[in-house]
1. Over region 213-293, what lengths in whole Å, largest first, do the semi-axes of the equivalent ellipsoid take, defined as the square roots of 5 times the eigenvalues of the alpha-carbon gyration tensor?
2. If contacts are Cα pairs under 8 angstrom and at least 6 residues apart, what is the relative contact order of the chain in percent?
3. Please enumerate, by chain and number, the lysines with C-alpha under 22 Å from the C-alpha of K101, excluding those fewer than 8 residues away in the same chain.
4. Exactly which GluC sites (Glu not before Pro) in region 33-116 are in a DSSP loop and have at most 16 other Cβ atoms within 10 Å?
5. Need one number: % antiparallel among DSSP beta bridges in the chain, to the nearest 5.
6. Pick out, in residue order, every one of the chymotrypsin sites (Phe, Trp or Tyr not before Pro) in region 1-66 that is DSSP loop and has at most 15 other C-beta atoms within 10 Å; say none if there are none.
7. Kindly point out which whole DSSP H helices in the chain project their C-alpha atoms 30 angstrom or further along the helix axis while averaging a Kyte-Doolittle hydropathy of -1.0 or above.
8. From the alpha carbon gyration tensor of region 66-119, can you work out the equivalent ellipsoid semi-axes (sqrt of 5 times each eigenvalue) and give them in Å, largest to smallest?
Amino acid sequence: MKRILTGIKPTGSPHIGNYLGAIRPALALADLPDTEALYFIADYHALTTVHDGAALAHLTREVAATWLAFGLDPEKTLFYRQSDVPEIFELSWILACFTSKGWMNKMHAYKARVADAGADADAADAGINVGIYTYPVLMAADILLFDTDLVPVGKDQVQHVEIARDMAQRINHVYKAELLRLPAAKIDEQTAVVTGLDGRKMSKSYDNTIPLFSSAKKLRKTVNQIVTDSTPPEAPKDPDTSHIFTLHKLFASAGEVAAMRERYASGIGWGDAKGALADKLEELLAGPRAKYDELMANPAQLDALLARGAERARAYAAPVIARLRAATGIRVKP
Ligand code: TRP
C-alpha cells in the first residue's frame, strides 16, 4: 500500500487550469489500487500571503467544495484542513530545529522573493515574512507526519519535497532510528499546460482564468473573452494555433476533437468556435456546479466533513509524533 499526500493552497478561486493541472490527475491517482490518498487544504500556507480573514475562510471552503464537487470521496480519501491537525505544528518545530538556515536560503521560492526586492537586502528582510521563509519546514511537516511515500506536485514544488526528505534523513541519522519515512516527489509529465484567455499560461496572477464555478451565463461570457485574430469566419483555420481549440481539446473526446479539426479546416467563425467550447465546458461543469453550490450553501456541514477528516488524519499522525517525542526527549514518561 502506497500512501500519497498533497496539499492545496487556498489562495484563489479554482479555475479550469487548476482542474486540469491538479484536481483531475490527483483524483485519478486516489483511485489507483494499493493507494491511500491524503489530500488537504493548506490554509496555514495560504496565510503567508492572504491577510484577510473572511477571504481566507471563504477560499478554504471554496477549494474544499471544488474537490468534493468533482468527486473526491471523503470516505476513501482522507480530506482535511491543515489547521485542524495541530500535530503538524509540533512536527514543524521539531523539523525546524534540524534544518540549517542555509538550506532555507537556497529555496527557489524564497530566492525569487529576494530577487524581486532588488539589490536592497534590508528591503527583502523587511518585506518577506518569516512564514514565507520557513514555508518549506511547514510543508515538510505536512508530508512527514503521515509516513508519506509519494507527493504529487508541480515542478515548482519538487525542491520542497526534496528538502523534506533531507530533513527526515537528518533526524533519522541523529537519533539512529527510522523515525521518519523518506518521501519522493511524483511529477505528472502528462499534465497539460492550460492556456488562459490571452494565450499565456492560465494563472490567477495573469488575470486570464476561466473560473470553474460561475453561472452558465458568466461562463459563456468569459469564454467569449478569449483573444482571437480578425480572420474572417469562412477562412480555413489552423486549429493547432488557436487557444480556443487548445482548450477544447483538453475536455473533448478523440472523436469530438477530430470533428472539430474538420470544422476549423473548412472555416469556422471564432464566435462559433467559442460557442462550441462553452457548450463543452457547460456539459462538464453543470453537474459539479450543482454539487458545489449545495456544499457552499451549507458551510457548517462542509466544516464538519473536514473536521471528521482531520480526526482520522490525527489518528494516523499519533504514532509518528509519539516516536519523535520519545526520541527527542520531549514529554517522555519517567
Ligand atoms: N506548497 C504547495 C503549493 O504551493 C502546497 C502544499 C503545502 C503542499 N503543503 C504541501 C503540497 C504538502 C504537497 C505536500 O502548491
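1. Equivalent ellipsoid semi-axes, largest first: 24, 14, 9 Å.
2. Values: 451 pairs, mean separation 73.5, N = 334.
Computed value for the chain: 22 percent relative contact order.
3. The qualifying lysines are K111.
4. Here the GluC sites (Glu not before Pro) that fit, given the DSSP loop and packing criteria, are E75.
5. 10
6. none
7. Working: long enough: 270-296 (36 Å, -0.46); 299-328 (40 Å, 0.17).
In the chain, the long hydrophobic H runs are 270-296, 299-328.
8. 33, 20, 8
Read-outs throughout are calculated quantities, based only on the coordinates presented, and are distinct from any laboratory measurement. From a predicted model like this one, the values you see are computed outputs, not experimental measurements. Here Cβ is always computed from backbone atoms with ideal geometry, including for glycine, and neighbour counts include all displayed protein chains.
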